[in-house]
Each structure stands twice: as structure tokens, then as C-alpha cells.
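In what follows, a structure is listed as C-alpha cells, so that the remarks can point back to it.
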Amino acid sequence: SCIALLASALALGGLAAPADQEITKLPGWDQELFSRVYAGFISAGNDTQEGVEYAMYEHYMFIESEGNPNEDPLVIWTNGGP
């Protein structure tokens, strides 16, 4: 799946992390973030309904481990939906 591919890329020590999707500040938080955080959308394919083609996307948020990102387990959470 798309999420598994993204998670695999991000788990490689950040070597393939999409720099343009890194979150460096949060509203209401004036301090440095504890971990590197990434968020964005990845393609989830296309669908056609009543002759109209729709591009589908899945939102992701990746928070790098505060311990050892190269060896710590990776947890993937997705919410269901259409």
C-alpha cells in the first residue's frame, strides 16, 4: 500500500523524508518540537463514479522517534473511510 511505502522510506533514518512536508512549527507552541514531524498527502489511486474520475489521497502524519529512529519500532495508524 502507499502508506507502507511511505513509512518504509521515512523509517530509513530520514534519508528519504520529504523535506517539503516537514512540520517545523505548531500553532500555540513556541518551543522547538521534540521530534521531526512530517505531514501531507499521498496518492491512494483513482476512482470513477458516474463517469467522473476522482483522484484519491490519504493524509499521513509521521513523527520520528525521540529515541533511536533507525532501530525503534514504527507504528502506522489509519482511520477508515471512503
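The values are calculated or read from the model by the stated rules, or taken from the named source; none is laboratory data. Because the structure is a prediction, the values reported are computed rather than measured. Here the Cβ positions follow ideal geometry from the backbone for every residue, glycine too, while neighbour counts run over all protein chains shown. SASA here: full protein model, heavy atoms, side chains in, ligands and nucleic acids out. Shrake-Rupley method; radii C 1.70, N 1.55, O 1.52, S 1.80 Å.
Observations on the structure shown:
- Residues that are hydrophobic (A, V, I, L, M, F, W, C) and open to solvent by 60 Å² or more (accessible area, probe 1.4 Å) within the range 56-71 comprise M56, M61, I63, listed in sequence order.
- Hits in the range 2-33 - residues which are at pLDDT below 90, at negative phi and assigned to a loop (DSSP other than H, G, I, E, B): L12, L15, A16, A17, P18
- Here A39 fulfils each of the conditions (1) open to solvent by 40 Å² or more (accessible area, probe 1.4 Å); (2) within 12 Å of the chain's Cα centre (by Cα); (3) at pLDDT 90 or above apart from (1).
- Cross-chain or 6+ apart pairs with Cβ under 8 Å, the range 60-75 first and within 22 Å of G40 (Cβ to Cβ) and modelled with pLDDT of 85 or more, then open to solvent by 60 Å² or more (accessible area, probe 1.4 Å) and part of a strand (DSSP E or B): Y60/F41
- Checking each residue in the range 37-58 for being touching a Ser or Thr at 6+ places or on another chain (Cβ under 9 Å) and of a type outside the set (A, V, I, L, M) picks out Y54, Y57, E58.
- Among residues of the range 34-82, those that are of a type in the set (V, I, T) and in a loop (DSSP other than H, G, I, E, B), counted: 3
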